[in-house]
1. Going by what's in this entry, would V138 be described as of a type in the set (A, V, I, L, M, F, W, C), assigned by TED's automatic domain parsing to the domain that holds A342, surrounded by fewer than 20 Cβ atoms within 10 Å (Cβ to Cβ) and more than 16 Å from ligand 1 (Cβ to nearest atom)?
2. Do we have S97 as touching a Gly at 6+ places or on another chain (Cβ under 7 Å) and crowded, with 17+ Cβ neighbours inside 10 Å here?
3. So which of L312, L240 ends up being modelled with pLDDT of 95 or more, aliphatic (A, V, I, L, M) and within 13 Å of ligand 1 (Cβ to nearest atom)?
4. Of E242, E318, E284, E268, which residue is open to solvent by 40 Å² or more (accessible area, probe 1.4 Å), within 27 Å of H37 (Cβ to Cβ) and either part of a helix (DSSP H, G or I) or β-branched (V, I, T) (or both)?
5. I want to confirm something. Restricting to segment 271-281 and keeping residues that are charged (D, E, K, R) and either closer than 20 Å to G226 by Cβ or part of a helix (DSSP H, G or I) (or both), which single residue is farthest from ligand 2 (Cβ to nearest atom)?
6. One residue is enough: does segment 329-336 have a residue meeting the conditions surrounded by fewer than 23 Cβ atoms within 10 Å (Cβ to Cβ) and within 16 Å of ligand 1 (Cβ to nearest atom)?
7. Is it the case, given these coordinates, that V150 is more than 16 Å from ligand 2 (Cβ to nearest atom) and open to solvent by 10 Å² or more (accessible area, probe 1.4 Å)?
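The values are calculated or read from the model by the stated rules, or taken from the named source; none is laboratory data. Since this is a predicted model, take the numbers as computed values, not measurements. All Cβ positions, glycine included, derive from the backbone under ideal geometry; neighbour counts span all protein chains shown. For accessibility, only protein heavy atoms count, side chains too; no ligands or nucleic acids. Shrake-Rupley method; radii C 1.70, N 1.55, O 1.52, S 1.80 Å.
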Amino acid sequence: MKIATVLGARPQFIKAAPVSRVLRKQYTEVLIHTGQHYDPNMSAIFFEELNIPTPDYYLGVGSGSHGKQTGEMLMKIEEIVMQEKPDYVLVYGDTNSTLAGALVAAKLHIPVIHVEAGLRSFNKQMPEEINRIMTDHVSELLFCPTETAVENLRKENITRNVWNVGDVMYDAILYNKELAQRQSTILADLSLAEQSYYLITIHRAENTDDPDKLKAILAAFRDIDGTKVWPIHPRTRHKLEEYGLDASAIPGLRLIDPVGYLDMLRLESGAKKIITDSGGVQKEAYFLRVPCVTVREQTEWVETLEGGANILTGTDREKIVAAVHKEVAPVYVDVFGDGHAAEKIVAAIGQR
Ligand code: UD1
Ligand code: UDP
């Protein structure tokens, strides 16, 4: 059996690593990298660190408007899929690369496998929400990370070939956590002591593309005492420049380039709190038992809110500061599976 995997953005490399490893024991995988992310520290570093095989095809699509980026992906992926004739096309998550892969396959009558199916924020202003809904509705096999995701699909009348296999990012973290602890030197490199700093990531379009929101977020960071380490996503860096905002002037704020996965896990596990708008980082905070503050109005990962491990603040300056300073004693529940999502996915594909 031949499976064509389409990916292109940072979180997809991390999700694909555990699945590819198991998949390739039994099946042929053709890896198609759209090139949505292309900076070495947004792409190549993850292939090296996580031993993801070199893509068979690199489409070099790069950045652009949604239409241009997705359109170019559609044309290029279609050509390859017609040539390769895979039995399935496998996509992850909710990026434009996800949607492009799913749409091409569905139109060519090739069954789509969606990993991380059923997530919903119920906010259609988010490009990711459109990508998820569209992808789920053209998918043949839907692998959900949680029971909530299964229920979300049920409400949209998607009930056939839906599995709750747990979260592949949990697989990834279990596989790499010890390695990160042993190998990463990032804390020493940055002269950071354990539990002495906050870790920040911000990149959601809804936060970065509105100067007022980005200003409010920076104002909150100014009001938070102590060291704040911020590996800054290129989107956010570009937006700060465009709006003439100087984050480096904020006391205690240490802006660094995006880091690899192992360094990121180390930064996360050593932080006293994580402040983020990332989907993956919210979950990793939960897996690592580090309290999280999410700078968004909604989250797809509602399980992280119960028990107080994650607090939603939106972009309100005072809410962000209050949530970061709040003493919390979260209760954690194992709701993201048992760390064997990849095996379950591959087994389910095999049983079809
Ligand atoms: C994309 C996904 C988002 C995901 C995120 C993960 C969509 C619609 N969005 O958002 O769901 O959470 O990836 O990180 O698919 N850029 C670079 N170098 C790169 C990549 C991007 O400089 O290697 C800059 C470019 O200015 C580009 C901007 O970042 O215009 C945004 O990149 P893009 O891939 O369009 O969206 P992300 O914000 O990364
Ligand atoms: N990540 C990383 N280096 C960074 C920032 C994030 O390796 O500098 C990892 C992070 O640990 C998580 C994933 O990237 O596994 C999350 O991706 P991102 O925040 O870009 O996207 P999202 O999950 O919001 O779609």
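1. Values: of a type in the set (A, V, I, L, M, F, W, C): yes; assigned by TED's automatic domain parsing to the domain that holds A342: yes; surrounded by fewer than 20 Cβ atoms within 10 Å (Cβ to Cβ): yes; more than 16 Å from ligand 1 (Cβ to nearest atom): yes.
So V138 fits the description; yes.
2. yes
3. Numbers: L312 fails: within 13 Å of ligand 1 (Cβ to nearest atom).
The unique qualifying residue is L240.
4. Working: E318 fails: within 27 Å of H37 (Cβ to Cβ); E284 fails: open to solvent by 40 Å² or more (accessible area, probe 1.4 Å); E268 fails: open to solvent by 40 Å² or more (accessible area, probe 1.4 Å).
Criteria check complete, one pass: E242.
5. K272
6. no
7. Numbers: more than 16 Å from ligand 2 (Cβ to nearest atom): yes; open to solvent by 10 Å² or more (accessible area, probe 1.4 Å): yes.
Considered against the rule, which asks whether it is more than 16 Å from ligand 2 (Cβ to nearest atom) and open to solvent by 10 Å² or more (accessible area, probe 1.4 Å), V150 comes out as yes.
Residue-by-condition table, conditions (1) closer than 30 Å to V302 by Cβ; (2) away from ligand 2 (no atom under 15 Å from the Cβ); (3) touching a residue at least 12 places away in the same chain (Cβ under 8 Å); (4) not assigned by TED's automatic domain parsing to the domain that holds L142:
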site: L31; (1), (2), (3), (4): no, yes, yes, no
site: D39; (1), (2), (3), (4): no, no, yes, no
site: I45; (1), (2), (3), (4): no, no, yes, no
site: P53; (1), (2), (3), (4): no, yes, yes, no
site: Y57; (1), (2), (3), (4): no, yes, yes, no
site: E78; (1), (2), (3), (4): no, yes, yes, no
site: V91; (1), (2), (3), (4): yes, no, yes, no
site: T95; (1), (2), (3), (4): yes, no, yes, no
site: G101; (1), (2), (3), (4): yes, yes, yes, no
